[in-house]
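Read through the structure below, which is laid out as structure tokens, and then see the notes.
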Amino acid sequence: MAGEQQAGGRGEAGDPPAAPVRVLQSLRVKICEAKNLLPYPGPNKMRDCFSTVNLDQEEIFRTNVVEKSLNPFYGEDFYFEIPRAFQNLSFYIYDKNLLQRDLRIGKVAIKKDDLFRYNGKEPWFPLQPIDSNSEVQGKVHLELKLNELITDNGSVQQLMVHILACEGLPLVNGQSCDAYAAVSLVGPSRNDQKKTKVKKKTSNPQFNEKFYFEVTRSSSYTKKSQFQVEEEDIEKLEVRVDLWNNGNLAQDVFLGEVRTSVSVLRNDSTHRAWYLLQPKDNGSKSSKNDDLGSLRLSISYTEDYVLSSEFYSPLRSLLVKSPDVQPITASAAFILGEVCRDKNDAVLPLVRLLLHHQKLVPFVASIAQLDLNDTQEANTIFRGNSLATRCMDETMKIVGNHYLKVTLKSVLDEICDSPKPCEIDPNRLREGDNVENHKDNLRSYVDKVFSCIVQSSMSCPTVMCDLFSALRHMAVRHFPNDPHVQYSAVSSFVFLRFFAVAVVSPHIFHLRSHHPDVATSRILTLISKTIQTLGSVGNLAKSKTSSFKEPFMCDFYKMFEEETYTADAKKFLEEISSTESKEPSGVSESVILKDGELNKRAQGRTRIGKKNFKKRWFSLTSREFSYHKQKDKEAMFRIPIKNILAVEKLDENAFNKNNMFQVIYGEKPLYIQANNCVELNEWIEVLSRISRRNQRRLSKYHSSAFISGAWLCCKASSESAEGCHMCTVNVPADVALDIDGDRECERIYSLFSRSMPKLQKMEEACGSIAVYQGPQEHSEYHFTIDDSVETFKTIQQIKAMVEKLNEPHEKYKKYCTSAKYGSHYSAVVDILLVSPAYLSRPVKRNSAFALVKRTRNICVPV
């Protein structure tokens with residue numbers, strides 16, 4: 001799974017095998033805007049700038065280019081699971097250059113351990129200068145040992161420096177490093193240096209080379225009868241390891257350094273540890289004092305420690321039975337929304353968990369009834385920001401993504417790729433603009449979008465239809481004398497909160513890769529406003545123009561024959577809220593699920609007999625996986641989805657390239673290189689999900705390539721030999737949903753745990769109501785408590801479950817401490833991670849090491 005690190009082990013004899021603890025990381029980032037960027041030298045001081053999101057030095061995303069501005073507004077959101085360990089989250093501002101390399105203006109680098117400080121905030125970060133010698137990442141595994149050699153002249157003290165390996169070195173110009181290490185012993189009057197061999201095309205070189213340095217002269221120890229190094233000698237010596245990328249004809253590139261004093265051997269003759277690479281001279285060189293500007297960011301980093309499923313069983317059962325609790329306000333799911341500081345934090349895991357267990361529709365129907373009970377006017381139905389409406393919004397985002405792509409992607413691509421002028425505000429028109437032409441252009445766009453929507457009922461997901469049906473019938477019961485309320489109850493969600501939002505912000509729903517530019521965004525806003533009004537069917541039907549604040553929008557709306565659009569909207573709303581089963585529409589429509597430019601290995605041979613890698617445009621639809629020479633060109637090669645047998649990662653040693661995966665489809669595998677680790681994970685997940693139901697899927701695969709007559713992974717000499725690794729088939733079959741129930745339970749546990757003070761206040765309020773009948777005033781908190789006795793019982797259950805889950809979490813964190821990155825002497829060692837089976841028992845000091853497993857992913861300082 002994306003963003004997953006695992007740690008597990010075996011318990012004592014007789015214990016059942018324990019599932020691993022999963023550490024899942026995710027990040028939601030919004031690059032808002034930059035200001036006061038350093039002006040371009042020369043008469044034209046403006047810049048064409050874009051920003052990137054980087055894990056260490058690996059670029060994950062980049063924004064659109066904002067032209068001719070020193071205060072660019074981006075407004076772009078990115079969400080991704082973090083699939084690997086990292087030290088820093090970095091943001092770079094670039095000045096786009098068409099003829100030369102893009103110029104890096106400045107950066108914001110945030111250490112992983114500091115990310116939590118910015119959750120829920122949107123601060124301005126000053127841009128820092130970029131020095132190539134400070135751009136480092138990765139770690140080095142070193143062993144230091146003192147030996148005593150007896151010679152004819154006496155004892156000689158010898159220091160052995162064993163450089164075993166490196167991990168996580170950066171890409172240089174998009175390629176893995178040709179790394180070597182320079183190992184030095186530095187003292188007041190000495191600087192002895194030796195070098196390793198160059199390891200080609202790898203980010204994780206295995207050196208395994210030993211170097212020997214004389215620490216003292218033999219005459220210093222001729223009278224010593226016992227091995228010992230004097231302390232003053234040790235303090236003066238330092239081991240330095242410099243990592244370099246071999247530039248061949250170009251200049252070598254510095255990758256980072258490690259410095260450690262020989263004094264670490266004061267109490268032991270052998271020292272072995274991982275060291276984080278540091279900037280040259282620890283980044284202490286003075287930098288320019290120019291004010292480079294600043295960048296406003298919104299960052300939300302989460303790290304979930306997911307235990308095995310049995311730990312969450314009581315909490316999961318309590319939450320899943322929420323729809324059956326009477327009254328609904330006494331249910332655990334409703335109480336979660338009451339005690340969370342921000343209801344949005346509770347909505348996402350709650351909706352996903354209830355969806356996973358098919359309990360969402362009755363729960364939303366029950367809490368929507370609470371909204372209806374407080375609604376006096378039919379034309380304001382479901383217009384608030386309650387728990388019910390937020391659950392509906394989140395549900396439509398989760399299950400409706402594919403629906404949006406089928407319905408709107410093609411028309412939005414047409415609008416965004418070749419926008420026609422549509423401005424109709426007299427105050428925004430420029431000299432020479434023809435407002436009538438603009439109105440015609442806008443009318444054409446509105447008609448296309450509206451037509452796509454009202455003809456899409458057959459593609460509407462079943463869960464959405466079930467919810468719309470429930471809301472429609474509840475509204476009719478509550479307002480029996482209003483003939484339009486059955487439509488407005490549904491249109492307030494599907495038009496106002498779903499399609500209109502997707503039109504104005506297509507990048508949020510993955511309909512476009514970037515936030516639209518200013519001009520296109522204005523066009524989409526005008527379309528969205530009109531669509532909202534055309535889709536509203538209710539008491540406002542006779543005066544829809546009153547929904548527009550701007551007079552020019554009222555004039556524009558008069559161009560539409562309202563009765564025709566209202567009839568189409570009613571028919572569409574009836575279709576998506578009908579309880580009758582929908583007839584299949586025949587051949588399912590092919591829709592693009594993911595596309596992008598990737599590197600692929602040639603499947604044939606070139607003239608010189610070697611296979612090479614070329615950039616190709618890849619496209620995955622619900623029917624086939626194909627690649628093209630360029631976007632919008634005819635496919636050069638197609639693989640029907642039904643023919644895909646497996647999709648797996650490929651070992652780096654296959655072609656000395658990282659971020660590679662393979663699509664196995666019956667003939668030779670198709671080898672593909674993604675641009676970064678996040679993109680790699682996304683392609684593997686979506687390809688695996690859509691092909692999981694294929695009948696001929698493999699159970700085993702080869703993790704490397706067949707080269708020079710043998711598989712590199714298992715050395716089998718037959719190209720048709722059975723795979724040597726088990727396939728990762730634990731992905732869900734439903735393309736639209738990827739729900740990890742245990743992870744959602746972990747998030748809900750965390751929310752309850754953080755909200756314990758407010759939960760305690762709610763418990764006290766229940767007691768107060770039970771003793772003093774009648775209305776109670778709570779100045780600090782406002783709770784909905786309809787049945788104090790039932791609510792009190794549920795709170796007691798929640799508190800007991802949280803306390804029980806606290807125990808394994810505290811034990812896990814006791815044995816699993818995150819690395820403190822960035823210290824000058826940053827030695828780290830392999831951490832001991834404990835299995836959940838062990839966490840559930842008292843700690844036994846003597847048996848601890850039998851119950852743990854070593855991992856390279858998480859480190860602790862020594």
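Of note:
- Taking a straight line from the alpha carbon of K758, these aspartates and glutamates sit under 14 Å away, with near neighbours fewer than eight places off in the same chain left out: E338, D342, E780.
- Hydrodynamic radius (Kirkwood) for the stretch 311-355, which is based on Cα pairs only, to one decimal in Å: 10.8
- Taking the stretch 641-684 and a reference point 7 angstrom along Cα→Cβ of A710, the backbone N atoms nearer than 15 Å belong to 654.
- Difference of contour (0.36 nm per residue) and Cα-Cα distance, N612 to K668: 18.6 nm
- In the context of the full protein assembly, K111 retains an accessible surface of approximately 80 Å², using a probe radius of 1.4 Å and ignoring ligands and nucleic acids.
- Lys-Lys pairs in the stretch 431-561 that are eight or more residues apart or on separate chains and whose Cα atoms lie under 19 Å of each other come to 14.
- 3J(HN,Hα) along the stretch 431-439: 4, x, 5, 9, 5, 5, 5, 4, 5 Hz, from the Karplus curve 6.51 cos²θ - 1.76 cosθ + 1.60 with θ = phi - 60°, whole Hz, x for Gly and Pro.
- Reachable aspartates and glutamates from K343, criterion Cα separation under 14 angstrom, eight or more residues apart if same chain: D393, E394
- The stretch 430-565 shape via C-alpha gyration tensor axes, a/c threshold 1.5: oblate
- Gain upon complete extension [Q326, C724; 0.36 nm per residue less C-alpha separation]: 137.8 nm
- Shown is the FRET efficiency for F637 and R296, computed with R0 = 56 Å from the Cβ-Cβ distance and rounded to the nearest 0.05: 0.80.
- The modelled label-to-label distance for the pair A567/E143, using points 7 Å beyond Cα in the direction of Cβ, is 8.5 nm.
- Convex hull of the stretch 602-698 built on C-alpha atoms - directionally averaged projected area, nm²: 6.7
- 26 Å Cα-Cα threshold exceeded, pairs from K30/K321; K649/K811; K107/K210; K112/K139: K30/K321; K649/K811; K107/K210
- Cα-Cα over 21 Å, subset of K68/K96; K121/K804; K199/K657; K420/K633; K761/K799: K121/K804; K420/K633
- Label point distance in nm, S622-D555, each placed 7 Å from Cα along Cα→Cβ: 4.3
- Length gained when the stretch Q695-K761 is fully extended (0.36 nm per residue, less Cα-Cα span): 18.3 nm
- Distance (nanometres) between label positions extended 7 Å along Cα→Cβ at L98 and Q175: 2.9
- Computed FRET value (nearest 0.05) for N373 with N71, which takes r as the C-beta separation and R₀ as 56 Å: 0.70
- Gyration tensor (alpha-carbon) shape descriptor, the stretch 362-423, a/c threshold 1.5: oblate
- Förster radius 30 Å - calculated FRET efficiency between W124 and N427 (Cβ-Cβ, nearest 0.05): 0.45
- Among the trypsin sites (Lys or Arg not before Pro) in the stretch 695-726, those placed in a DSSP loop whose Cβ has at most 13 other Cβ atoms within 10 Å are R696, K715.
The values are calculated or read from the model by the stated rules, or taken from the named source; none is laboratory data. These numbers were taken from a predicted model, which means no experiment stands behind them. Every residue, glycine among them, receives a Cβ derived from its backbone with ideal geometry; neighbour counts consider all protein chains shown. Side chains are part of the model used for accessible areas, which takes the heavy atoms of the whole protein and leaves out ligands, DNA and RNA. Shrake-Rupley method; radii C 1.70, N 1.55, O 1.52, S 1.80 Å.
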